[in-house]
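Below is one structure, written out as structure tokens; the observations come after it.
The values are calculated or read from the model by the stated rules, or taken from the named source; none is laboratory data. Since the model is a prediction, treat every value here as computed from it, not as a measurement. Methodologically, a virtual Cβ is constructed for each residue, glycine included, from the backbone with ideal geometry; neighbour enumeration extends over all protein chains shown.
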Amino acid sequence: METGWASDTVLPHYRVAIAGSGFAGLGMAIELKRSGIEDFIVLERAPALGGTWRENHYPGCGCDVPTPLYSYSFAPNPYWSRLYARSEEIRTYLEDCADRFDVRSHLRLDAEVTGAHWDEENARWTILVGGDPALTAGFVVGGFGALNRPEYPDIPGLEDFRGPLYHTAQWDHSVPLAGRRVGVIGTGASSIQVIPQLAKQAEQVTVFQRTPPWVVPKLDRRISRFEQRLYARVPLTQKLLRGLIFTITEGVGVAITRYPWMLKLGEAWGRWHMRRAIRDPELQRQLTPNYRLGCKRILPSNDFYPALARKDVKLETDGIARVEGNRVITRTGTEHELDLLVCGTGFAIEEVFSHLDLRGRGGISLTEAWKKGIEAHRGTTVAGFPNAALLSGPNTGTGSTSQVYMIEAQIHYVLELLRTLEEHRAGTIEVTERAQADYNAWLQQRMQRTVWLTGGCKSWYLSDDGVNRTLYPGPSSEFWRSLRRVKLDEYELGPVRKPEPDRIEVAA
Ligand SMILES: Cc1cc2nc3c(=O)[nH]c(=O)nc-3n(C[C@H](O)[C@H](O)[C@H](O)COP(=O)(O)OP(=O)(O)OC[C@H]3O[C@@H](n4cnc5c(N)ncnc54)[C@H](O)[C@@H]3O)c2cc1C
């Protein structure tokens with residue numbers, strides 16, 4: 001294979017290379033270590049670990065799945081300060097996990113993976129960091145994440161807005177809020193967390209809403225010292241709490257994916273929640289979704305509606321036509337003068353892979369392999385890309401429960417793939433095209449019943465061609481079960497090409 005770099009370059013070799021150090025990459029590293037595998041490296045493009053929880057620190061940022069479930073099953077934290085922890089606390093938890101499981105020495109920060117090329121002759125991957133070949137690995141795991149490329153809306157004049165303009169995921173804490181007129185574009189998961197915080201400080205907040213979200217009460221509360229001590233001394237009690245939260249979120253998952261009519265109950269709850277805070281009938285109308293609950297992410301919040309009921313918070317639903325100077329002008333001609341503009345407009349999911357130079361067997365690029373649409377086998381392996389796995393890959397998202405649960409299921413599957421290689425003394429393991437196609441045909445057929453396709457909304461879950469390539473169309477426990485074992489008839493094993501060279505220690 002033509003690699004384009006000097007043939008006498010000696011690159012350090014690892015048994016496993018992981019890209020990314022969010023919940024996925026870090027969890028993979030910890031589980032490798034816990035299974036006795038020490039020969040691995042974690043490459044992280046940022047100067048610190050933490051993924052989502054390093055990037056997102058806007059006021060009010062936190063998880064919307066209770067933290068006893070939104071955390072690693074193997075690393076319970078009895079000391080969460082509240083049921084829905086804030087961003088900083090989750091980030092600290094991830095940092096603590098890196099120390100507690102002693103994986104920090106495997107971590108290379110400021111190391112952006114720009115590509116990976118399959119080397120057929122040696123049955124291993126050459127990994128490019130910052131554009132250059134930096135190491136080789138017997139197996140690669142992509143923990144690139146899906147929600148970390150901020151997407152700005154396509155609005156004429158937006159980039160010339162006269163004043164600070166940023167995305168919720170790029171919050172600039174140096175910009176003062178007091179006395180400012182702030183505009184927020186979007187009413188998704190991040191916006192509904194930040195708007196109430198802005199309302200407390202800014203002179204005026206204008207919320208530009210395209211589609212109203214379904215918002216339900218957030219059963220949040222502080223966790224008392226007594227409870228923390230109980231969880232620390234009797235871990236079973238926290239496990240029971242985790243189990244209870246899991247059962248509830250799984251129930252919602254079953255309704256979303258199989259019995260959308262059941263979601264009417266949740267809709268009644270959401271409407272009741274809104275009417276308790278909003279008295280104005282016109283505002284109520286503007287805030288009532290016209291699609292089924294669950295079609296877009298269900299958002300728990302106790303302070304979003306009260307914030308919108310304030311006199312200094314305006315809801316604008318006319319749609320933005322353009323931005324001129326410091327004015328946002330709607331399609332009906334209303335002008336809003338603003339000092340600061342915040343975009344809570346989500347992430348460019350498909351961009352995650354499009355700029356990566358990933359080349360599998362025969363030099364095929366991942367973009368080429370995915371020209372008909374992004375798909376993987378069980379969300380994890382891709383035909384033509386041996387000895388490789390994706391975490392948080394296609395159709396592994398969940399509309400109701402903890403993403404960390406899905407990630408852990410995948411991590412277990414990767415360990416099974418590695419175990420299969422060892423048990424069969426094989427050099428390569430690669431999913432067959434047939435298995436991948438059958439799985440995805442089944443998955444998309446299953447998808448037809450879900451509220452994401454039947455609920456009457458257009459969400460970021462769907463690609464431009466209307467296909468849901470992001471979420472798993474079933475209960476998360478089913479996904480977990482399907483990843484417990486590697487089915488050998490879905491894979492092809494190849495011989496060991498060359499004995500792996502001893503690892504050469506060089507500073508990366
Ligand atoms: C504001 C916000 C709130 C959320 N709340 C919840 C919630 O309550 N519940 C829930 O289930 N999910 C939630 N999510 C989804 C969340 O992203 C996942 O739960 C989870 O954190 C994903 O972990 P990850 O490791 O797959 O991805 P990430 O956390 O995005 O981590 C990916 C890591 O890979 C690094 N990386 C990317 N590309 C490269 C590269 N080329 N080379 C090297 N490193 C690279 C990134 O810098 C990052 O550190 C939320 C997301 C956001 C944005």
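Things worth noting here:
- Residue within the range 130-140 that is under 23 Å from the mean Cα position of the chain (by Cα) and in a strand (DSSP E or B) present: yes
- Looking across Pro235, Pro260, one residue alone is surrounded by 13 or more Cβ atoms within 10 Å (Cβ to Cβ), on the phi < 0 side of the Ramachandran plot and not hydroxyl-bearing (Ser, Thr, Tyr). It is Pro260.
- The one condition in (1) among the small types (Gly, Ala, Ser); (2) farther than 30 Å from Ala426 by Cβ; (3) within 13 Å of the ligand (Cβ to nearest atom) that Ala111 fails to fulfil: (2)
- Candidates Gly466, Gly474, filtered to the one that is buried (at least 16 other Cβ atoms within 10 Å of the Cβ) and either over 20 Å from Trp214 (Cβ atoms) or without any contact (Cβ under 8 Å) to a residue 40 or more places away in the chain (or both): Gly474
- Members of the range 285-321 that are among the basic types (Lys, Arg) and more than 28 Å from the chain's Cα centre (by Cα): Arg285, Arg310, Lys311, Lys314
- Residue match in the range 80-98 (condition: small (Gly, Ala, Ser), within 10 Å of the ligand (Cβ to nearest atom) and in contact (Cβ under 8 Å) with a residue 40 or more places away in the chain): no
- For the range 159-175, taking the residues that are among the charged types (D, E, K, R) and part of a helix (DSSP H, G or I), the one that is nearest to Thr52 (Cα to Cα) is identified as Glu159.
- Here Tyr14, Tyr72 are screened, and the one residue that is more than 23 Å from Ala116 (Cα to Cα), of a type outside the set (Val, Ile, Thr) and at pLDDT 95 or above is Tyr72.
- For the range 29-49, filtering for residues that are more than 16 Å from the ligand (Cβ to nearest atom) and not small (Gly, Ala, Ser) leaves 5.
- Flag if Asp312 is touching a strand residue (DSSP E or B) at 6+ places or on another chain (Cβ under 7 Å), among the charged types (D, E, K, R) and surrounded by fewer than 16 Cβ atoms within 10 Å (Cβ to Cβ): yes
- Restricting attention to the range 11-28, the residues that are within 9 Å of the ligand (Cβ to nearest atom) and aromatic (Phe, Trp, Tyr) total 1.
- Scoring Tyr461 on the criteria (1) modelled with pLDDT of 95 or more; (2) closer than 30 Å to Glu31 by Cβ leaves a single failure, condition (1).
- The residue that is surrounded by the most Cβ atoms within 10 Å (Cβ to Cβ), counting only those in the range 116-171 that are under 20 Å from Val382 (Cα atoms), within 13 Å of the ligand (Cβ to nearest atom) and β-branched (Val, Ile, Thr), is Val141.
- Scanning the range 66-83 for residues that are aromatic (Phe, Trp, Tyr) and crowded, with 21+ Cβ neighbours inside 10 Å yields Tyr70, Tyr72, Trp80.
- Of all residues making up the range 426-463, the number that are surrounded by fewer than 20 Cβ atoms within 10 Å (Cβ to Cβ) and either touching a Ser or Thr at 6+ places or on another chain (Cβ under 6 Å) or of a type in the set (Lys, Arg) (or both): 4
- Of all the residues in the range 300-346, those that are touching a Leu at 6+ places or on another chain (Cβ under 7 Å) and either part of a strand (DSSP E or B) or at positive phi (or both) number 4.
- Considered as a group, the residues in the range 319-346 that are within 16 Å of the ligand (Cβ to nearest atom) and not hydrophobic (A, V, I, L, M, F, W, C) include one that is nearest to Asn387 (Cα to Cα), and that residue is Gly346.
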